[in-house]
Protein chains: 2
Amino acid sequence: MAPPVRKGRGGVKKGGRGRGAPSWKVGEVAKVLAPVRKLRESMLKTETKPTKTLADLKIAGALREVLEFVPEQVRRSVERILAAVARTIMMGEGVSYVVPTRSAGNQRYVEEIDRIVLMDKSSTRQFANSATVRKSAITTRILGKVWELCTTGIHTTKRDLFYTDVKLFKTQTDSDEVLNDVACLIGCTRTSLSVVASEKGIVIGRVQFREAGDLINCARMGVGGKAIPPYVERITDIQSDALFILLVEKDAAFMRLAEDRFYDTYPCIIITAKGQPDVATRLFLKKLRATLNIPILGLVDSDPYGLKILSVYSSGSKNMSYDSANLTTPDIKWLGVLPSDLDKYGIPDQCRLEMTENDIKTGKELLEEDFIKKNPAWLKELQIMVTKKEKAEIQALSTFGFQYLTKQYLPRKLEQGDWI
Amino acid sequence: MAPPVRKGRGGVKKGGRGRGAPSWKVGEVAKVLAPVRKLRESMLKTETKPTKTLADLKIAGALREVLEFVPEQVRRSVERILAAVARTIMMGEGVSYVVPTRSAGNQRYVEEIDRIVLMDKSSTRQFANSATVRKSAITTRILGKVWELCTTGIHTTKRDLFYTDVKLFKTQTDSDEVLNDVACLIGCTRTSLSVVASEKGIVIGRVQFREAGDLINCARMGVGGKAIPPYVERITDIQSDALFILLVEKDAAFMRLAEDRFYDTYPCIIITAKGQPDVATRLFLKKLRATLNIPILGLVDSDPYGLKILSVYSSGSKNMSYDSANLTTPDIKWLGVLPSDLDKYGIPDQCRLEMTENDIKTGKELLEEDFIKKNPAWLKELQIMVTKKEKAEIQALSTFGFQYLTKQYLPRKLEQGDWI
């Protein structure tokens, strides 16, 4: 089958490293990069206005959002909370905690700041009440463990935390849930509590930083890339000459981009969380964006889950809505694979998959989401997907050759500024 | 609860980097490391004898094992196979391939070399036969694609390969299966075909190497570590002053070891595949072992799956038996968590989990495996597990404190040479 050919392109050097004297045509690359340069410039202009926060909006019933705390602040907060508890005990009033409610009914998408936030409903967790005695005991235990972590200055995983008192916690879900409650209670991010989930993400490309003091140059990370650390606050001194961040859903595409050293030709930073975004990768992306102020272009499968993944990066997940300000990176551009790309790039029928009923259901649910509705271009593309009932993976581009992604598709998308 | 305390241990420096003037007691560390030093010395003595290969054993009915090929060799082999096919077509005999059978019945564990190998049964895949026409067409197509990869000198993933001809392959299982057949047919490893699975593993510690030309120092990889690349042949110039490799089942333990910079105090290389070992991590481990000739100590959950994971590293998986020589690293020591450690280290009851029926079944099946039987110490520990019907994760050690693993458990295990 004949792929739509991009003529006269130098593309990525075959087998070479693309360092020293470049073999690609400099003028060509500059032409490809012109739209992304323009996008960056427009960002620099608008970013001079301070970004709105939840506090600026003064929305009735919205919770004050949680903040990044250093361990010392967390330690002091825990001590304040427990001192108050000691006081109520001595006054004969027993133990209780007022904990923000984190259920779906207490969440709202706020268009002005383009994020899901937590509202201010809360519930009282009394020790002297058979319905809440266990949860209040777990809350006390977790407060103690968090104090210990902040005092010794180390991190731990949610799994390790669970194992410190299996008898009380019973299941990891219980300790995980209360851990989120404790973050809300203190008013800090979960990461500030020094408890992390496992790391999944990898990064490669034109960025260097210090990680726990070690100098890491991601342009010299071979073909495998650097594992994104679970503790983003250990990353400092970020420096980069990249023009954009390429956020990739899956590792197969990441591996292609890494082996072809795509970032040597097109100055960018390539990130993947290998599927569903984890907290560490989201924090890392946010930190890069905040420091470098460069556009983020998303490359995901053309299916509802690809779009959902993009939306978790940009608008947040419901489970962590209390922490959306710290975890979300608004204004991520959907570069591909757009549902309209399937026809535009002539993806053959056998590489398109029929959407399952579940896919269609998920797609239709997304159509109703506020964060999709407010972006007419996203809405239109999602409608194409749901109407045609067709999906395709990034890998479908391999039908035109293994390097079609890096040598044809991406350069063409960039040159045409074909993102939404 | 009172953990069994190790007295007088400096352990890992709190918060510090452990570089420059070390704050731990040098004499203490030397004492802890004495048994592993002895193990290393015994390895150096025995390793002067050449290791036995399948060819040396002259086992009747055993297949010649596959070898690492460079792309040029693969290209020539494909051309030879297809030239032979062209000849038979011109002679009016049609197209057929003689493919080694890879089913369980054609596999055997060979004790002398401590690996599962493939026997020499094979089947003929004719094009002019309705039962084999599809498989022989897929074989031809994959041979063509492999030729293309070897000629352009790039790698691809199994998923990308599938997408080059969805109409023919139908499911990825079909293209994956034939890919293994083609490796057997050519007589090379699957990795030699330039087709890789996704990468999962991470490494940190006292080793440096070049990866696709970039110099990587794994002792300067912050707290997140370096992603193990999918293409192990891109790794060259391995150098290390490590005394041993610590192979860790899960990333929670890896993260603890990385943050505490365990390798600064106890010179080692720490590797994890985050669960089930993938091909890239197995190849990387093998390459480290072959280059450095240092012992490998395994730290896995005390359950049948932990042991199974160790056995995949050391004796191979049935699915890739044709490639066992290249993928397995014999003589991995089981450091922990040993079923007998649960009592020895006083792991409290609530951190031990009851084995499910499925766990017990898997454990009993393992008891029957040749590669367990030939190691009496492993057999004994597995019997303890199956008899007590108790399991425990590495994380169970956190019951004594988050850093119990790095400051107490591992140093004590090392000092006592308590591996089997």
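Just so you know, all these numbers are worked out from the coordinates, no wet-lab data involved. Given the structure is predicted, the values throughout are model-derived calculations rather than measurements. Methodologically, a virtual Cβ is constructed for each residue, glycine included, from the backbone with ideal geometry; neighbour enumeration extends over all protein chains shown.
Please report Rg over Rh for chain A, where both radii come from the alpha carbon positions and Rh follows the Kirkwood definition.
Checking Rg against Rh, the ratio lands at 1.01.
So what's the angle, to the nearest 10 degrees on a 0 to 90 scale, between helix B:357-367 and the longest Cα principal axis of chain B?
The answer is roughly 80 degrees.
Work out the length of the dipole vector of segment A:53-212 about its Cα centre, built from +1 on the beta-carbon of each Lys and Arg and -1 on the beta-carbon of each Asp and Glu, and round it to the nearest 20 debye. Let's see the in-between values first.
Values: 23 positive and 19 negative charges, 69 e Å.
Dipole about the Cα centre, nearest 20: 340 debye.
Starting from the Cα of A:K333, draw a straight line to each of the aspartates and glutamates and keep only those under 12 Å, dropping any in the same chain fewer than 8 residues away.
A:D418
Just to be sure I understand: with springs between alpha-carbon atoms less than 10 Å apart, which residue in A:T291, A:T171, A:T101 has the highest mean-square fluctuation in the Gaussian network model of chain A?
Of A:T291, A:T171, A:T101, the most mobile in the Gaussian network model is A:T171.
What residue in chain B has the Cβ closest to the axis turning B into A, and how close is it in whole Å?
Closest Cβ to the B-to-A rotation axis, residue and whole-Å distance: B:A227, 2.
Using label points projected 7 Å from each Cα along Cα→Cβ, tell me how many nm separate B:N129 and A:E368, to one decimal.
Inter-label distance under the simple model: 5.6 nm.
At a threshold of 8 angstrom on Cα-Cα distance, excluding pairs fewer than six apart, so keeping six or more, what relative contact order does chain A reach in percent? Could the numbers behind the result be given before it?
Numbers: 693 pairs, mean separation 77.7, N = 420.
Result for chain A is 18 percent.
Residue farthest toward the positive end of the dipole of chain B, with Cβ of Lys/Arg at +1 and Asp/Glu at -1: which of B:I204, B:I360, B:I59?
Going by the Cα projections, it comes out as B:I204.
Using the structure shown, list the pairs from A:K145/B:K407; A:K250/A:K308; A:K226/A:K318; B:K38/B:K58; A:K361/A:K388 with a Cα-Cα distance above 22 Å, or answer none.
Working: A:K145/B:K407 18 Å; A:K250/A:K308 14 Å; A:K226/A:K318 29 Å; B:K38/B:K58 34 Å; A:K361/A:K388 14 Å.
Among A:K145/B:K407; A:K250/A:K308; A:K226/A:K318; B:K38/B:K58; A:K361/A:K388, the Cα-Cα distance tops 22 Å for A:K226/A:K318; B:K38/B:K58.
Distance in nm between label sites at B:D343 and B:T46, each 7 Å beyond Cα in the beta-carbon direction?
Output for this residue pair reads 2.8 nm.
I'd like the distance separating the alpha-carbon centroids of segment B:350-371 and segment B:295-340, in whole Å.
Going from one Cα centre to the other spans 15 Å.
Give the average over all directions of the projected area of the C-alpha convex hull of the protein assembly as shown, one decimal, in nm².
Working: hull surface 154.4 nm².
Across all orientations, the protein assembly as shown yields a mean hull projection of 38.6 nm².
Which whole-number percent gives the relative contact order of segment B:137-271, counting Cα pairs below 8 Å spaced six or more residues apart?
Working: 185 pairs, mean separation 29.3, N = 135.
The value is 22 percent.
Counting only other chains, what is the mean number of Cβ atoms within 10 angstrom of the Cβ of each residue in peptide A:394-407? Working shown, then result.
Values: counts 3, 11, 3, 2, 11, 6, 2, 3, 13, 3, 0, 1, 1, 0.
That works out to 4 on average.
Could you give me D for segment B:199-415, from Stokes-Einstein at 4 °C and 1.567 mPa s, where the hydrodynamic radius is the Kirkwood radius over C-alpha pairs? Units µm² s⁻¹, please.
Working: Rh = 17.7 Å.
Approximately 73 µm²/s, per Stokes-Einstein.
Taking H as built 1.01 Å from N, whose amide H comes closer than 5 Å to the amide H of A:I269, not counting residues under 5 places away?
Answer set, sorted by chain and number: A:R206, A:F244, A:I245, A:L246.
Would you mind checking the tilt of helix B:304-315 against the longest principal axis of the Cα atoms of chain B, expressed as 0 to 90 degrees and rounded to 10?
For helix B:304-315, the angle is close to 60 degrees.
Assuming 0.36 nm per residue, please report the length gained on full extension of the stretch B:I384 to B:Q208 beyond their Cα-Cα distance.
On the way: separation 176, 0.36 × 176 = 63.36 nm, distance 3.97 nm.
59.4 nm is the gain from fully extending B:I384 to B:Q208.
Let's test the formula: R0 of 35 Å, r as the Cβ-Cβ distance of A:D241 and A:E112. What FRET efficiency results, to the nearest 0.05? Provide the component values of the computation, followed by the final result.
Details: r = 33 Å, r/R0 = 0.95.
So, using R0 = 35 Å, E works out to roughly 0.60.
Using the Cα centre as the reference, give the magnitude of the dipole from point charges on the C-beta atoms of the protein assembly as shown (Lys, Arg: +1; Asp, Glu: -1; all else neutral), rounded to the nearest 20 debye. Intermediate results must be reported in sequence, preceding the final value.
Values: 130 positive and 102 negative charges, 279 e Å.
Dipole magnitude for the protein assembly as shown comes out near 1340 debye.
Nearest 10 degrees is fine. How inclined is helix A:172-186 to the longest principal axis of chain A, computing both from alpha carbons?
So the inclination is approximately 80 degrees.
Modelling each spin label as a point 7 Å along the Cα-to-Cβ direction, I'd like the A:D418/A:L168 distance in nm, to one decimal.
5.8 nm
Can you figure out the FRET efficiency of A:T291 with A:E72, using R₀ = 22 Å and their beta-carbon distance, to the nearest 0.05?
On the way: r = 23 Å, r/R0 = 1.07.
Between A:T291 and A:E72 the formula returns 0.40.
How high is the relative contact order of segment B:63-196, in percent, counting Cα pairs under 8 Å that sit 6 or more residues apart? Before the final figure, lay out the partial values.
Working: 174 pairs, mean separation 45.4, N = 134.
Computed value for segment B:63-196: 34 percent relative contact order.
Determine, for each peptide in B:177-184, B:77-84, A:156-163, A:134-141, the mean count of other beta carbons within 10 angstrom over its residues, then list the peptides with the highest first.
Highest mean packing first, the order is A:156-163, B:177-184, A:134-141, B:77-84.
Test of understanding: in a Gaussian network model of chain B with alpha carbons linked when under 10 Å, which of B:K45, B:K287, B:K388 would top the mean-square fluctuation ranking?
B:K45
Charges only on Cβ, +1 for Lys and Arg, -1 for Asp and Glu: so what's the dipole of chain B about the Cα centre, in debye to the nearest 20?
Details: 65 positive and 51 negative charges, 165 e Å.
So the magnitude is around 800 debye.
List the aspartates and glutamates whose Cα lies under 19 Å from the Cα of A:K274, skipping any in the same chain that are fewer than 8 positions away.
Output for A:K274: A:E199, A:E249, A:D251, A:E259, A:D260, A:D301, A:D303, A:E393, B:D160, B:E199, B:D251, B:D278.
Based on the mean of other beta carbon atoms within 10 Å per residue, what is the order of B:366-375, B:53-62, most packed first?
Details: B:366-375: 15.7, B:53-62: 11.7.
Result, highest mean Cβ count within 10 Å first: B:366-375, B:53-62.
I need the phi-derived Karplus couplings for segment B:336-345: 6.51 cos²θ - 1.76 cosθ + 1.60, θ = phi - 60°, integer Hz, Gly and Pro marked x.
x, 7, 6, x, 6, 5, 4, 6, 4, 9
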